[in-house]
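Derivation of every value follows stated rules applied to the coordinates shown; laboratory data play no part. Just so it is clear, the structure is predicted and the values come from calculations on it, not from any experiment. Neighbour counts are summed over all protein chains in view; Cβ atoms, including those assigned to glycine, are modelled from backbone coordinates with ideal geometry.
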Amino acid sequence: MDILSLEVGQEIGSRTFSFTRDSLVKYAGASGDFNPIHYRDDFAKSVGLDGVLAHGMLTMGSAVQVAVDWIGDSGKVIDYGVRFTKPVFVPADSGAQVIVTGKIGAIDLENKTVRVDLTASCLDIAVLGKAQAVVKF
Amino acid sequence: MVNPNVQGKKYPETSPYLVGREKIREFANAVFSTNPVNLDVFAAQAAGYTDLVAPPTFAVVIQERSLHSVLADPEADIDFSRVVHGDQRFIANRAIVAGDELTSVLTVASVKSLGAHSMITFNTEIFDTNKELVSTAISTLVVRGGE
């Protein structure tokens, strides 16, 4: 892929991630974040939440896959940041669907980098803010 | 409330963490990666890496280890059950690969109060065995105030 062929605003891809309780347990084990708000309804409710919610880092780690799929090499993502704006609740029966789309936010020809702007939503509500991944060309 | 005096506090270097192939695969599967450089050693080597490449957010595993020392620090006085993740960023100097032995040093960059809540930002610098900076993880936690 040639950086000169890219345009700001261009869509680079989209993916829908299905989060289930199994996904949360897998992510807890993989990351070492065993906060029980991510797998125990009784505990989540005891701290004032409506129910079990996904790790923000699971949403962040999944969302960047849209940029990774596009560039083809995860090692080319050199800077990635997000704000966690809304929780993703994951009901035990239905799970949750997180829809992620990416588009080109900026192109830096001098440094040969491209900023990919990601949006992530669940039930039509944005769950990440200012999700930006800088990719090295 | 988080003790504002911990702003600028630097925590001792963590013990080395050896990045394993299966840990990278486990993490990659958990974040729905299908990228061959995360899963297939030959694909990673063909792309110029010495071994499997960790996904972009893998550094959180190292950050998590550093955070434990802050959460356990009575001086910081953070009630973990009231913590919400505010924002997160990773700046990579190079990709983390299987076989890396990583240590980290966490510094409290800032402590701010926002009404009844506190916001605490940490910088975790991650180094390899040559003491070269591999990655910096920046995390802001929001600690909800009591009712």
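So that you can scan it fast, the table gives a plain yes or no per residue for (1) of a type outside the set (D, E); (2) surrounded by 22 or more Cβ atoms within 10 Å (Cβ to Cβ); (3) in contact with a Ser or Thr (Cβ under 8 Å, 6 or more places away or on another chain):
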residue	(1), (2), (3)
A:L49	yes, no, no
A:V52	yes, yes, no
A:M57	yes, yes, yes
A:G61	yes, yes, yes
A:S74	yes, yes, yes
A:K103	yes, no, no
A:N111	yes, no, no
A:V114	yes, yes, no
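Listed by position, the helices (runs of 4 or more DSSP H) enclosed by region A:30-82 that each have at least 2 residues that are more than 16 Å from the chain's Cα centre (by Cα) are A:41-46. Within region B:30-41, the residues that satisfy the criterion of being facing another protein chain (nearest Cβ under 7 Å) and under 16 Å from B:V97 (Cα atoms) are B:S33, B:N35, B:V37, B:N38.
Being in contact with a Ser or Thr (Cβ under 6 Å, 6 or more places away or on another chain) and part of a strand (DSSP E or B) is a property that does not hold for A:I107.
Would you mind stating whether A:I125 is touching a Leu at 6+ places or on another chain (Cβ under 9 Å) and farther than 23 Å from A:A30 by Cβ? Let's see the steps before the verdict.
Working: touching a Leu at 6+ places or on another chain (Cβ under 9 Å): no; farther than 23 Å from A:A30 by Cβ: yes.
The answer is no for A:I125.
Could you pull out the residue among B:F80, B:F90 that is of a type in the set (F, W, Y) and surrounded by fewer than 19 Cβ atoms within 10 Å (Cβ to Cβ)?
Details: B:F90 fails: surrounded by fewer than 19 Cβ atoms within 10 Å (Cβ to Cβ).
Only one candidate qualifies: B:F80.
Of all residues in region A:6-42, which are among the aromatic types (F, W, Y) and at the interface with another protein chain (Cβ under 9 Å from one of its Cβ atoms)? Spell out the reasoning first.
Looking only at region A:6-42, we keep the residues that are among the aromatic types (F, W, Y), and these are A:17, A:19, A:27, A:34, A:39.
A:F17, A:Y27 - these are the residues of region A:6-42 that are among the aromatic types (F, W, Y) and at the interface with another protein chain (Cβ under 9 Å from one of its Cβ atoms).
Among the residues making up region B:1-40, those that are more than 17 Å from the chain's Cα centre (by Cα), in contact (Cβ under 8 Å) with a residue 40 or more places away in the chain and assigned to a helix (DSSP H, G or I) are B:P4, B:N5, B:V6, B:R21.
Of all residues in region B:133-143, at least one satisfies being within 14 Å of chain A (Cβ to nearest Cβ) and either over 14 Å from the mean Cα position of the chain (by Cα) or part of a helix (DSSP H, G or I) (or both). Within region B:128-147, being touching a strand residue (DSSP E or B) at 6+ places or on another chain (Cβ under 6 Å) and either crowded, with 20+ Cβ neighbours inside 10 Å or without any contact (Cβ under 8 Å) to a residue 40 or more places away in the chain (or both) holds for B:D128, B:V134, B:S135, B:A137, B:S139, B:L141, B:V143. Candidates in region B:55-73 are the residues that are within 13 Å of the chain's Cα centre (by Cα), in a loop (DSSP other than H, G, I, E, B) and more than 7 Å from chain A (Cβ to nearest Cβ); of these, the one that is nearest to A:A28 (Cα to Cα) is B:F58.
Please determine, by comparing only the residues of region B:74-89 that are over 18 Å from B:K112 (Cβ atoms) and out of contact with any helix residue (DSSP H, G or I) (no Cβ under 7 Å at 6 or more places or on another chain), which one is nearest to the other protein chains (Cβ to nearest Cβ).
Let us first name the residues in region B:74-89 that are over 18 Å from B:K112 (Cβ atoms), namely B:74, B:80-81.
From what is left, the residues that are out of contact with any helix residue (DSSP H, G or I) (no Cβ under 7 Å at 6 or more places or on another chain) are B:74, B:81.
Numbers: B:P74: 20, B:S81: 5 Å.
This residue is B:S81.
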